[in-house]
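Taking it in order: structure first as structure tokens, then the write-up.
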Amino acid sequence: MTLSGKAPKIGGLGLYAVFYLAFIYGPVLFLPLFSLNDSTFISFPLKEFTFKWYVEAFQSERLMASLFNSVKVGVPVAIISTILGTLAAKAITRYRMPGKTPMMSFLMAPLVVPGIIVGIALLIIINRVGIDLSLWTIGIAHLPACTAFSLWIMISRLEGFDRSLEEASLNLGENAWMTFWRVTFPLILPGVIASLLLTFTISFDEFILAFFLAGNEPTLPIFMWSQLRFPAQLPPVLALGSLILIASFVLVYFAEWFRRRGTHLESSSGV
Amino acid sequence: MANESFISIQDVSKDFGVVRAVDRVSIDIAQGEFFSLLGPSGCGKTTLLRMLAGFEFPTSGEIFIDGQPMSSVPTNHRPVSMVFQNYAIFPHLNVSQNIGYSLRKDRLSKADFNAKVGEMLDLIKLPGYEKRASHELSGGERQRVALARALVRRPKVLLLDEPLGALDKQLREQMQLELRALQKSVGITFVFVTHDQEEALTMSDRIAVMSKGRYLQIDTPTQLYESPTSRTVADFIGTMNFFEAQVKDAQNGRAHIDVGPLGSLSAPLRQQKFAAGQRVLAAIRPEKIALLAEPKPGANQVKGQVDTAAYLGDRSHFYVRIEGIERPVAVSAQNMQTAGPGVGDPDRQVWLSWAEDAVVILNADD
């Protein structure tokens with residue numbers, strides 16, 4: 001918007017932006033569109049408007065079971081990876097120690113190592129050790145990447161954190177543990193919440209690792225993929241997919257909101 | 001412990017890797033004293049303060065506070081509070097929670113807690129500020145809250161790390177006086193770190209002038225200014241004119257020195273020993289030199305020419321060229337009479353005159 005309040009002119013860059021957004025979000029929007037269409041087949045023209053696929057989705061035991069499997073994996077993974085990420089970030093930002101830089105690289109590596117490689121490697125090891133594939137093995141596979149994400153969020157949080165606040169608390173008679181709870185934790189809480197939301201989202205819709213390491217309890221992405229072969233099963237999957245889409249948007253929005261709120265709080269602490 | 005000093009820093013060094021931040025410093029500070037560590041940044045004053053606070057530990061040497069060795073005592077068990085340079089007010093807590101932060105373990109009733117916080121707010125002249133959020137405070141208010149938070153648990157020592165640096169000049173001068181008055185009323189030993197010599201002179205009982213991890217001189221403000229023991233101290237505190245000189249004889253508390261173009265001078269000795277023939281520096285403060293339009297019979301004086309003059313309202317600063325002396329001599333004069341056209345005009349011939357006791361003799365090589 002220009003200062004004079006005139007309507008913005010859509011130039012070449014504006015057009016590019018519109019196409020870009022359409023390219024990214026257009027296909028995704030077909031999901032809710034067809035989930036409300038009264039036809040088993042995903043094709044135009046659209047027929048009647050209906051909620052029946054949503055009802056069917058909630059009535060499908062296997063679909064619901066896979067949804068809960070994903071939650072059962074995602075919640076502990078989010079909590080554990082956030083705890084690990086926070087502790088690692090605190091160590092990396094607060095202490096002088098040898099090998100800090102390579103250690104950082106190793107911790108961050110799961111973000112860039114292709115999932116298919118990690119998946120195959122883990123599958124081989126888990127088979128060799130003789131552990132049965134289950135939700136546990138999926139959760140373990142999700143931890144490194146989620147921890148890396150959490151570490152990344154928490155480091156940026158702790159780096160913007162005024163070190164003298166912790167020193168002031170220690171100096172005022174509190175030990176390291178109480179200092180963490182009374183000063184550090186409240187100030188990094190927005191980061192912690194952002195980390196919980198993001199790591200949960202990552203684990204929740206992760207496909208490749210779950211595909212390699214799932215036992216007889218599929219997570220939601222695996223189940224959805226398996227249903228693609230049966231046209232009749234597809235519309236309820238679309239319905240659930242639409243709900244997850246909305247939930248993901250809400251979660252990521254809140255994660256970002258919390259992260260920014262924290263940054264704002266931080267900047268107001270300056271003199 | 002050997003003596004009655006309240007804080008005793010004994011032969012303390014601190015290394016950071018290969019850098020020696022504090023180099024074998026020994027300082028004794030008395031109870032109730034306002035003691036300043038003064039020096040440029042990187043001189044080790046903040047490191048020394050952080051060792052007193054317990055954030056850093058000496059590489060060698062020992063610090064005693066109230067007779068207790070501190071080397072194995074972490075900061076949360078020391079009877080020492082610190083006011084940080086940026087105040088470190090907890091941004092997620094309000095004023096009352098900030099000030100009462102250290103009272104958690106006392107398990108006070110709500111009424112007692114509020115009474116203690118209220119007492120501190122009265123002390124720092126911010127009554128009724130209990131519920132203010134930290135971001136609603138001005139710089140001066142943050143500084144006061146930081147003070148109250150540090151004082152509420154009745155520490156034996158208060159450490160202050162350049163606490164006035166973030167304030168504007170006017171507020172700063174006001175806080176200097178208030179801080180000094182507060183220290184007198186609570187009777188706590190203050191250790192104050194600053195790079196501002198004026199601030200140190202105004203507030204301190206004694207000052208340690210530090211440079212490169214060591215102290216050069218520990219003295220009262222008056223002694224530091226009037227009787228510096230080295231060129232660095234004389235240069236760092238105020239402005240000083242230096243003249244190369246040679247000792248003719250030194251005995252009975254006076255020395256006779258030959259100061260080249262300035263002629264032969266007699267100056268008081270300050271527990272110094274000089275041998276005849278030794279090369280020294282004669283030092284005179286700018287305000288101790290009188291600028292005369294005519295020679296004055298019988299006085300120490302030298303003829304010169306005004307190089308530059310600056311009118312500062314209450315004072316004027318002159319730089320006067322003297323034949324045979326490389327750097328112009330700085331002279332500061334009170335403008336006691338309404339200034340007219342006169343001595344300040346460039347190239348005007350003037351006479352500089354000084355009292356004998358104004359001359360300080362310093363070693364030439366330090």
message = Test of understanding: what is the full-extension gain from residue B:198 to residue B:264, defined as 0.36 nm times their sequence separation minus their Cα-Cα distance?
response = 20.4 nm
ask   = Of B:14/B:212; B:116/B:156; B:131/B:184; B:110/B:156, which pairs sit farther than 21 Å apart, going by alpha carbon to alpha carbon?
value = B:131/B:184; B:110/B:156
request  = Could you check how many percent of all C-alpha pairs in the range A:169-255 are farther apart than 19 Å?
outcome  = 59
task = Go through the range B:322-336 residue by residue and turn each phi into a ³J(HN,Hα) via Karplus (6.51, -1.76, 1.60, θ = phi - 60°); whole Hz please, and just put x for glycine and proline.
result = 10, 4, x, 10, 5, 8, x, 8, 7, 10, 10, 10, 5, 8, 6
remark   = Rounded to one decimal in nm, the spacing of the 7 Å Cα→Cβ label points at residue A:256 and residue B:246 is 8.1
inquiry  = I'd like to compare B:122-128, B:40-46, A:140-146: which one has the highest average count of other Cβ atoms within 10 Å, and what's the full order after that?
reply    = A:140-146, B:40-46, B:122-128
task = Could you tell me what percent of the DSSP beta bridges with both partners in the protein assembly as shown are antiparallel, to the nearest 5?
result = 80
key: Overall dimensions of the range A:62-175 as given by Cα atoms, namely Rg and Dmax in Å   = 17.9, 57
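Per DSSP H run of n ≥ 4, the term is -39500 (n - 2.57); total these for the protein assembly as shown, divide by its residue number, and report the mean residue ellipticity at 222 nm rounded to 500 deg cm²/dmol.
Only helices count here, giving -14000 deg cm²/dmol.
Which whole number gives the average, over all residues in B:79-88, of C-beta atoms from other chains lying within 10 Å of the residue C-beta? Working shown, then result.
Working: counts 1, 1, 4, 6, 2, 7, 2, 7, 4, 12.
Taking the mean over all residues of the peptide, I get 5.
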inquiry  = How much of the pair distance distribution for the range B:233-304 lies past 22 Å, counting alpha-carbon pairs only, in percent?
reply    = 28
note = Mean other chain Cβ within 10 Å across B:125-138 is 1
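Can you compute the equivalent ellipsoid semi-axes for the range A:125-232, i.e. the square root of 5 times each eigenvalue of the Cα gyration tensor, sorted largest first and rounded to whole Å?
Values for the range A:125-232, descending: 41, 16, 10 Å.
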query = Where does each of B:63-70, A:14-21, B:88-95 land if you order them by average Cβ count within 10 Å, highest first?
reply = B:88-95, B:63-70, A:14-21
inquiry  = Quick check: from the Cα gyration tensor, does the range B:46-202 come out rounded (a/c under 1.5), prolate or oblate?
reply    = oblate
ask   = Any idea of the accessible area per residue across the protein assembly as shown, 1.4 Å probe, to the nearest Å²?
value = 51
ask   = By how many degrees, 0 to 90 and rounded to 10, does the Cα axis of helix B:139-151 deviate from the longest principal axis of chain B?
value = 60
task = State whether the range A:133-183 is rounded, prolate or oblate according to the following rule on the C-alpha gyration tensor (a ≥ b ≥ c being the square roots of its eigenvalues): a/c under 1.5 gives rounded; otherwise a/b larger than b/c gives prolate, and the remaining case gives oblate.
result = oblate
query = Per 10 Å bin, what percent of the C-alpha pairs of the protein assembly as shown does each bin hold, from zero upward?
reply = 3, 12, 16, 16, 14, 13, 11, 7, 5, 3, 2, 0, 0
key: In order through the range A:59-66: 3J(HN,Hα) via Karplus (6.51 cos²θ - 1.76 cosθ + 1.60), integer Hz, x for Gly, Pro   = 8, 6, 4, 5, 5, 5, 4, 5
Förster radius 25 Å - calculated FRET efficiency between residue A:68 and residue A:19 (Cβ-Cβ, nearest 0.05) = 0.05
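Measure off, as a whole percent, the carbon and sulfur share of the 1.4 Å-probe accessible area of the range A:7-156, all protein chains present.
Roughly 75 percent of what the probe reaches on the range A:7-156 is carbon or sulfur.
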request  = Jot down the radius of gyration and Dmax of the range A:63-269, Cα atoms only, both in angstrom.
outcome  = 19.5, 67
key: Protein accessible area in the range B:49-99, 1.4 Å probe - carbon and sulfur %   = 49
task = Would you mind giving the mean number of other chain beta-carbons within 10 Å of the Cβ of each residue in B:91-104, as a whole number?
result = 3
query = If r is the Cβ-Cβ distance from residue B:356 to residue B:308 and R0 is 22 Å, what FRET efficiency results, to the nearest 0.05?
reply = 0.20
key: Square roots of 5 times each gyration tensor eigenvalue, C-alpha, chain B, largest first, Å   = 47, 26, 15
query = What total accessible area, in Å², is buried where chains A and B meet, using a 1.4 Å probe and rounding to the nearest 100?
reply = 2300
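The values are calculated or read from the model by the stated rules, or taken from the named source; none is laboratory data. Bear in mind that the values here come from a model prediction, so they are computed numbers and not experimental data. Glycine also receives a Cβ, built like all others from the backbone with ideal geometry; neighbour counts cover every protein chain displayed. The area values use the complete protein model at the heavy-atom level, side chains included, leaving out ligands, DNA and RNA. Shrake-Rupley method; radii C 1.70, N 1.55, O 1.52, S 1.80 Å.
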